[in-house]
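The structure under discussion appears below in the form of structure tokens.
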Amino acid sequence: MANLISIGMNPKTKENPMQFLVPDMICGSCVPHVTDAIAKVDPGAEIEADTVARTITVSTSASQQEIEEALADDGYPATAI
């Protein structure tokens, strides 16, 4: 069973969601770090995290590269899937 955590920081509609594999996101305690890193790029991003699959779905106006760089800078390298 997946451990989904949804964090909607802003109800505004965003671009098409992107999905990323975040191998180092191993538990619920990692999720706030991941969401904080993304919030630095887009404070209004909507994020859904699945700690079992180690994936996140991000609805944001930021680019894929911006999200990947923000996560890597915070110690959670990610790959778009």
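Apply 1/(1 + (r/R0)^6) to the Cβ-Cβ distance of residue 26 and residue 72, taking R0 = 25 Å, and write down the FRET efficiency to the nearest 0.05.
Working from the Cβ atoms, E equals 0.90.
Tabulate in residue order the Karplus-calculated ³J(HN,Hα) for region 72-80, using 6.51 cos²θ - 1.76 cosθ + 1.60 with θ = phi - 60°, rounded to whole Hz; enter x for Gly and Pro.
Result, ordered by residue: 4, 4, 8, x, 10, x, 9, 10, 5 Hz.
Rounded if a/c is under 1.5, else prolate if a/b beats b/c, else oblate: with a ≥ b ≥ c from the C-alpha gyration tensor eigenvalues square-rooted, which is region 33-81?
Verdict is rounded for region 33-81.
Taken together, the values in this text are just the output of simple stated rules run on the coordinates, not laboratory data. A quick note: this is a predicted structure, and the numbers were derived from the prediction, not measured. Heads up, the Cβs are rebuilt from the backbone with ideal geometry, glycines too, and the neighbour counts pull from every protein chain shown.
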